[in-house]
Structures are given as C-alpha cells and as structure tokens.
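What follows is a set of notes on a single structure, which appears directly below.
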Amino acid sequence: MAEKAKVAILISGRGSNMAALLYASKLPDAVYEVVLVAANDPQAEGLALAAAEGVPTFALSHKGMSRADHDAAMEQAARDAGADTIVLAGYMRILTDEFVKRWEGRMLNIHPSLLPKYPGLDTHQRAIDAGDSHGGVSVHLVTPELDAGEVLGQMRVAIREGETADSLATRVRFAEHQLYPRVLSDYLGREN
Ligand code: GAR
C-alpha cells in the first residue's frame, strides 16, 4: 500500500470539521493520517479533542504577533510534524501570500458557501438575504486570493422557509463533515 499522506489541520475554534477529517482517517482504506492539529487560539475547543485522540497539537495565539511571524510559526509546526499537506478547517486567519505559495497545491480550505458565491464572512446570511434556494459548502485549493482557488468539491444545502443563519450553518456543517474527508481523500488519491 502507498504511504499515507501526512496532514496538518489548522483550526480556530470548535473543530468539528477537524473531527470529521480525523475520524475518516481511521477508516481502513484511509489515504491520509493526521499528524498535527494546530490552532491560533490556545482555547480552541478542537485542540482538546485532538489531544484526547492522541494527535499532536500546537497552539499559538496570533495576538501581538505580526502575520508573517505567526504564519512562520504555524508553518514550522506543520513541517516539524512531517506534514506534506495543510488542511484549513475553520481557520479564521488570512495567510500571507508567501506561506500560501509555498504550499500551493498542497493546502485546502473549506468554505461555507457555493463558491464563487459569497467569499469572505457572513455567507449564510448573505445567501438567505439574496433569496437563494440553496446555500452550501465548497472545498477548494488555497491560493493568495481569498476563497478563489480551484473548487475541488461542493454540496448544496436547501434553504428552508424561516431559515436563520444559525439554523443553516448547523445543517451546512453536516454536509461539510461528509464532503471534506471525501474531497481530501480523492484529491490526495489523484496525486499518488
Ligand atoms: C465551518 O463551517 C467552515 O466552513 C467555516 O468555519 C466553520 C468551522 O467550524 N469556515 C470559514 O468560514 C472559513 N472562511 P468547525 O470549527 O466546527 O469545523
């Protein structure tokens, strides 16, 4: 069997996508393993879960640091863990172009909209306000332009009568948890 890809997951908070990716990596046919979960907030809930599952973690607050220095520390942690792929999973930081370029083709992100619609923040409210029939989620390659890299996979989520941004976000997360491990695995498989 080919060697598994080594994935570092960057989070900022809950880490439910990280959990979905981590448990998917424990399936018998998994093509990747999670070698690090890193956060820019030492209180990020997902860190404790990763640690409980025996995954190495790294936390460094970005507060009081330059973006370049913080990115460099996160990148070093990923390299030290032996990562060949970086997966952003609710990592709410804009990355420096230099960091992104060094990992181009090896860095993925999940974004809670049907890109190219609604890059940036408040995606669910924007979809509701626009009267869209569906919101959804996209997994894409990370490039220096925000939320603009090649889309590798998407899933639509119906917007119901009386939907709020919160209720839609909750349902979109179910879709995210299905989509992200599958798209990551297909992408890594496609490269091997
Ligand atoms: C997810 O919905 C993800 O799509 C979104 O943050 C949430 C993180 O949840 N990402 C972005 O908005 C990126 N701009 P999680 O911590 O439970 O995975």
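Read-outs throughout are calculated quantities, based only on the coordinates presented, and are distinct from any laboratory measurement. Everything quoted here is computed from the prediction, not taken from an experiment. Note that each Cβ is placed from the backbone with ideal geometry, even for glycine, and that neighbours are counted across all protein chains shown.
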Residue list for the range 29-54, restricted to those being in a strand (DSSP E or B) and on the phi > 0 side of the Ramachandran plot = none
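So that you can scan it fast, the table gives a plain yes or no per residue for (1) within 13 Å of the ligand (Cβ to nearest atom); (2) surrounded by fewer than 22 Cβ atoms within 10 Å (Cβ to Cβ); (3) within 19 Å of Arg79 (Cβ to Cβ):
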site: Ile11; (1), (2), (3): yes, no, yes
site: Leu22; (1), (2), (3): yes, no, no
site: Lys26; (1), (2), (3): no, yes, no
site: Asp29; (1), (2), (3): no, yes, no
site: Tyr32; (1), (2), (3): no, yes, yes
site: Leu36; (1), (2), (3): no, no, yes
site: Ala39; (1), (2), (3): yes, no, yes
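Can you go through Glu104, Glu163 and tell me which one is farther than 17 Å from Asn17 by Cα and touching a Ser or Thr at 6+ places or on another chain (Cβ under 9 Å)? Explain how you work it out, then say what you get.
On the way: Glu163 fails: touching a Ser or Thr at 6+ places or on another chain (Cβ under 9 Å).
Being farther than 17 Å from Asn17 by Cα and touching a Ser or Thr at 6+ places or on another chain (Cβ under 9 Å) holds for just one of Glu104, Glu163, which is Glu104.
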query = Does Ala78 fit the bill of being more than 15 Å from the chain's Cα centre (by Cα), outside any strand (DSSP E or B), at negative phi and surrounded by 13 or more Cβ atoms within 10 Å (Cβ to Cβ)?
reply = no
Residue ID - surrounded by the most Cβ atoms within 10 Å (Cβ to Cβ), chosen from residues in the range 136-161 that are over 25 Å from Leu95 (Cβ atoms) and in contact (Cβ under 8 Å) with a residue 12 or more places away in the chain = Val157
query = Restricting the range 162-177 to residues that are loosely packed, with under 14 Cβ neighbours inside 10 Å and in a helix (DSSP H, G or I), which is nearest to the ligand (Cβ to nearest atom)?
reply = Thr170
